[in-house]
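Scroll down for the structure; my scribbles are underneath it.
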Amino acid sequence: MSDPLVLIPARLAATRLPEKPLADIAGAPMIVHVWRRAMEAGIGPVVVCTDTPAIVQAVEAAGGLAVMTRPDHPSGSDRLAEALETIDPEGRHDVVVNVQGDLPTIDPAAIAASVAPLADRAVDIATLCAVITRPEERTEPSVVKLVGSEVAPGRLRALYFTRATAPYGDGPLLHHIGLYAYRRRALDRFVSLPPSPLELREKLEQLRALEAGMRIDAVVVDDVPLGVDTPHDLERARAVLAARRLN
């Protein structure tokens, strides 16, 4: 693999937490914290992709790179595909890592770990998961479960993703973390596909890839990064990052 390119899609439109990429956390906008975590991963250039000039300005003020994209993309993956044509039209980067713009507490080591399965040429897309430890999350539809088959210690081939409690029976359940490392050609194919039946039923975009026969492998990491979707999540993120600054 050539060095990966890390892209962070970010947009202001959010119903539960308006303008969340610009929300202040420990003196910096949330999107800047995500950019910093991605830079600390040290796996390649990092670019924020957005439809909002204020986000570009915030990232550039912190010393980062950002590009503008159209506002009408149906998903972050489509935003990445457009941004790639601007950032890397020659196709020099054959791996694209998609880091969600609302993960200010993510461990840089987890971002770095996400690309490891792509050393296997049979893998199209790589992602992350963690063992569920809170009992209530086993049945919570907002916690997406990954059902997979172990192919190596700490790595699974994904067989399905679901909001239901699965697999049935005794044993651990895996919380899927929505960070993806794509082969460039896999991302191009993915965004060209129409939404699939299971994707529409479960409301999980990654099922489109599985239904199309693409292979997704997952690395098991120690914990799930805090996704910021509500004012309560924002306060938790502020507390986590404030505590890190004190240590």
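The values are calculated or read from the model by the stated rules, or taken from the named source; none is laboratory data. As the structure is a computational prediction, the values presented were derived from the model and not from experiment. Positions of Cβ are backbone-derived with ideal geometry, glycine not excepted, and every protein chain shown enters the neighbour counts. Just the protein is used for accessible areas: all its heavy atoms, side chains included, with ligands, DNA and RNA removed. Shrake-Rupley method; radii C 1.70, N 1.55, O 1.52, S 1.80 Å.
Quick look at the values:
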read-out: Per-region count, segment 176-195, residues open to solvent by less than 10 Å² (accessible area, probe 1.4 Å) and either assigned to a helix (DSSP H, G or I) or polar (S, T, N, Q) (or both); value: 3
read-out: Failed item, numbered, when Asp24 is tested on (1) among the acidic types (Asp, Glu); (2) open to solvent by 10 Å² or more (accessible area, probe 1.4 Å); (3) more than 28 Å from Arg244 (Cβ to Cβ); value: (3)
read-out: All positions within segment 28-78 that are among the charged types (D, E, K, R), surrounded by 14 or more Cβ atoms within 10 Å (Cβ to Cβ), over 20 Å from Pro108 (Cβ atoms) and modelled with pLDDT of 95 or more; value: none
read-out: Matching residues, segment 79-96, being open to solvent by 60 Å² or more (accessible area, probe 1.4 Å) and either more than 26 Å from Asp120 (Cα to Cα) or without any contact (Cβ under 8 Å) to a residue 12 or more places away in the chain (or both); value: Glu85, Thr86, Pro89, Glu90
read-out: Verdict on Glu136 being free of Cβ contacts under 8 Å to residues at least 60 places away in the same chain, exposed (fewer than 12 other Cβ atoms within 10 Å of the Cβ), in contact with a strand residue (DSSP E or B) (Cβ under 6 Å, 6 or more places away or on another chain) and acidic (Asp, Glu); value: no
read-out: Options Asp170, Asp124, Asp120; residue that is in contact with a Phe, Trp or Tyr (Cβ under 9 Å, 6 or more places away or on another chain) and farther than 30 Å from Val32 by Cβ; value: Asp124
read-out: Members of segment 18-27 that are part of a helix (DSSP H, G or I) and either closer than 19 Å to Pro108 by Cα or at pLDDT 95 or above (or both); value: Pro21, Leu22
read-out: Residues of segment 196-221 satisfying the condition of being open to solvent by 40 Å² or more (accessible area, probe 1.4 Å), closer than 22 Å to Val123 by Cβ and part of a loop (DSSP other than H, G, I, E, B); value: Glu205, Gly213
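Rundown of residues vs (1) touching a His at 6+ places or on another chain (Cβ under 6 Å); (2) among the aliphatic types (A, V, I, L, M); (3) over 20 Å from Asp102 (Cα atoms), yes/no style:
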site	(1), (2), (3)
Ser192	no, no, yes
Pro195	no, no, yes
Glu199	no, no, yes
Lys203	no, no, no
Gln206	no, no, no
Glu211	no, no, yes
Ile216	no, yes, yes
Val219	no, yes, yes
Pro225	no, no, no
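Yes or no, residue by residue, for (1) farther than 30 Å from Pro167 by Cα; (2) in a strand (DSSP E or B); (3) of a type in the set (D, E, K, R):
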residue	(1), (2), (3)
Ile55	yes, no, no
Val67	yes, yes, no
Asp72	yes, no, yes
Ala83	yes, no, no
Thr133	no, no, no
